[in-house]
1. So how far apart, in nm, are the two label points at Lys6 and Lys202 if each is 7 Å from Cα heading toward Cβ?
2. With contacts defined as alpha carbon pairs under 8 Å and 6 or more residues apart, what's the relative contact order of the range 4-277 in percent?
3. The range 158-230 to the range 232-277: how many Å between their Cα centroids?
4. I need to check one value: relative contact order of the range 141-283, counting alpha carbon pairs closer than 8 Å and at least 6 residues apart, in percent.
5. Given +1 on the Cβ of Lys and Arg, -1 on the Cβ of Asp and Glu, and no further charges, what dipole in debye does the chain carry about its Cα centre, rounded to the nearest 20?
6. With a cut-off of at most 11 other beta carbons within 10 Å, and DSSP calling the residue loop, which trypsin sites (Lys or Arg not before Pro) in the range 63-165 qualify? Please list them.
7. Between Arg57 and Gln281, what is the label-point separation in nm under the 7 Å Cα-to-beta-carbon projection?
8. How many percent of DSSP beta bridges within the chain run antiparallel, rounded to 5?
Amino acid sequence: MELNIKPSKEACGAEVTGIDLTKELSDTEVESIREAWLLHHVLSFPNQSMSDDDLERFTLYFGSFGDDPFIGPIPGRTNIVAVKRTANEKVPIFADNWHTDWSFQENPPAGTCLFGITIPPEGGDTLFANQHMALDMMPSELRDKLEGKKGIHSAMIPYSPSGGYGQKDKEMGRSMDIRFSDEALAKQTHPIIREHPETGRKGIFGTFGYTIGIEDMEDQDAMQLLIELSNWQSQEQFQYRHKWKKNMLVMWDNRSVLHKATGGYQGHERLLHRTTIAAHQAK
């Protein structure tokens with residue numbers, strides 16, 4: 001089979017066919033996928049009947065496993081979590097706000113892999129927003145406000161005991177194995193505008209939610225700027241809407257895109273298995 005990469009014609013994203021991810025990949029195949037991933041930021045691989053072993057093996061081609069805090073792994077595994085929702089679940093959709101995965105860590109994950117197991121017949125799209133494009137097209141007056149600034153990142157809003165996925169959410173019956181903790185109160189800073197560690201291309205890193213403030217700015221001023229940035233970086237012109245199918249793997253570059261879940265499948269079960277790719281280590 002010959003690797004075929006079909007761009008989405010949206011702000012990012014491409015579909016990859018001509019490869020079987022249930023088998024070991026050659027160095028050439030891995031390098032071709034990495035090049036496409038860095039170029040398109042989001043890759044989808046349809047018609048892949050992958051096992052959990054296959055998912056883990058694929059992940060490790062691109063780095064070591066990342067650390068997944070606040071979500072318990074599936075039984076028998078250490079590095080796979082289940083993103084799931086039962087047909088009659090009443091709690092809010094998980095991860096339906098713009099974010100980049102675990103940006104509150106000192107070394108956030110380079111990428112995320114998500115494999116569709118049970119996919120509803122409608123709804124459940126994932127939205128991605130290209131943060132290189134958002135920076136390239138940003139008005140100079142907004143960019144000037146952000147240059148040299150560091151965002152303050154924290155998991156407190158979603159994952160603290162009083163947070164969105166805290167005790168009250170658990171009592172409402174969420175099916176995901178979310179493990180809220182006071183550890184979510186920790187803070188970490190990252191440049192708002194930074195270079196991609198592999199390509200060197202500048203982009204925006206993070207958004208309001210995990211980003212709760214800006215270093216050396218008053219809270220009110222920082223919040224106004226974060227809201228202005230959020231409104232800019234999430235515009236439809238920067239987006240790719242991904243529609244899921246059963247046995248589809250999607251991998252995305254957390255250093256290049258924001259993403260968010262959507263609903264629209266009430267009455268249907270949804271199950272995907274997820275791994276994260278640890279931060280890139282320069283050779």
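The numbers here are math on the coordinates, done by the rules we state, and not lab data. Quick caveat, the model's predicted, so the values are computed rather than measured. For neighbour counting, all protein chains shown are included, and Cβ atoms are generated from backbone atoms with ideal geometry for every residue, glycine included.
1. Spacing of the two 7 Å Cα→Cβ label points: 3.6 nm.
2. Relative contact order here is 37 percent.
3. First find each Cα centre; the distance between them is then 18 Å.
4. 23 percent
5. For the chain, the charge dipole is close to 540 debye.
6. Passing sites in the range 63-165 are Lys90.
7. Distance between label points: 2.2 nm.
8. Counting only bridges with both partners in the chain, antiparallel ones make up about 95 percent.
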